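The values are calculated or read from the model by the stated rules, or taken from the named source; none is laboratory data. Quick caveat, the model's predicted, so the values are computed rather than measured. Neighbour counts run over all protein chains shown; Cβ positions are idealised from the backbone, glycine included. These accessible areas exclude ligands, DNA and RNA; they are computed on the full protein's heavy atoms, side chains included. Shrake-Rupley method; radii C 1.70, N 1.55, O 1.52, S 1.80 Å.
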Amino acid sequence: GAGVSQSPSNKVTEKGKDVELRCDPISGHTALYWYRQRLGQGLEFLIYFQGNSAPDKSGLPSDRFSAERTGESVSTLTIQRTQQEDSAVYLCASSLQGADNSPLHFGNGTRLTVT
Amino acid sequence: TQLLEQSPQFLSIQEGENLTVYCNSSSVFSSLQWYRQEPGEGPVLLVTVVTGGEVKKLKRLTFQFGDARKDSSLHITAAQTGDTGLYLCAGERGSNYKLTFGKGTLLTVNP
């Protein structure tokens, strides 16, 4: 596709359930990022992939959060035992090589609501 | 502690007016990016400034990076309703993947 695609666009889940969020980056982009955007807050870095490896997972808020990437393409962000404070928009971005000044291309995000 | 402070948080103006929004920090950044985000969409990169004192123009938008590379401003001339959106600044400190984002300025341009 032409841009970064994320699915689902909206997800409502009950507290305690697990959720999986998917990101399809722009073809050929080796770098992939996950950010979280809470209401009224800036974007919060979660994790970065270069290829299929995640050199920096330091932004993941807790061990309930995990992410993987396969085929240097699709990535999934999994949140286990969701809590109400996990409610946010989860944004995925990709860039050509992850080097300085390589622009990030964002998807439209998944809006997660935990009830 | 918010590393990048954006002001004002909200701005509502009439079409045709000029405006400036600010992005300030006590930290030095190797580069700074400005994004615009519309409801239900991801942020879209507008510009990257790299050199202290740099000024970049994008049609009616003028971006400036402070001499000390700690702050930046975005000036819009003759605002249009299509300029409505959340303007985010993001600073890079040596690694592009770990951009630090401000909370943004929500701009509303009324017809």
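For the protein assembly as shown, the alpha carbon convex hull comes to 121 Å³ per residue, rounded to a whole number. Interface B-A: total buried accessible area of about 1700 Å², 1.4 Å probe, protein heavy atoms only.
With the largest listed first and rounded to whole Å, the semi-axes of the equivalent ellipsoid of region B:5-110 from the Cα gyration tensor are 22, 15, 12.
Rolling a 1.4 Å probe across the protein heavy atoms gives the protein assembly as shown an accessible surface of 47 Å² per residue. The phi torsions of region B:81-92, fed into the Karplus equation with coefficients 6.51, -1.76 and 1.60 and a -60° offset, translate into couplings of 4, x, 7, 4, x, 9, 9, 10, 9, 9, x, 10 Hz, rounded to whole numbers, with Gly and Pro shown as x. Placing unit charges on the Cβ atoms only, positive for Lys and Arg and negative for Asp and Glu, gives the protein assembly as shown a dipole magnitude near 80 debye about its Cα centre.
In region B:25-87, carbon and sulfur make up what percent of the accessible area (probe 1.4 Å)?
It is 50 percent, rounded to a whole number.
With the charge dipole of region A:5-115 set up from +1 on Lys and Arg Cβ and -1 on Asp and Glu Cβ about the Cα centre, the Cα lying farthest toward the positive end among the listed residues A:Y33, A:F65, A:T13 is that of A:T13. Each of B:S7, B:T84, B:F101 was placed along the dipole of chain B (beta-carbon charges, centred on the mean Cα), and the one lying farthest toward the positive end is B:F101. For region A:21-96, with all protein chains in place and a probe radius of 1.4 Å, 46% of the accessible heavy-atom surface sits on carbon or sulfur. The C-alpha atoms of region A:21-96 occupy a region whose extents along the principal axes are 35, 24, 19 Å, arranged from largest to smallest.
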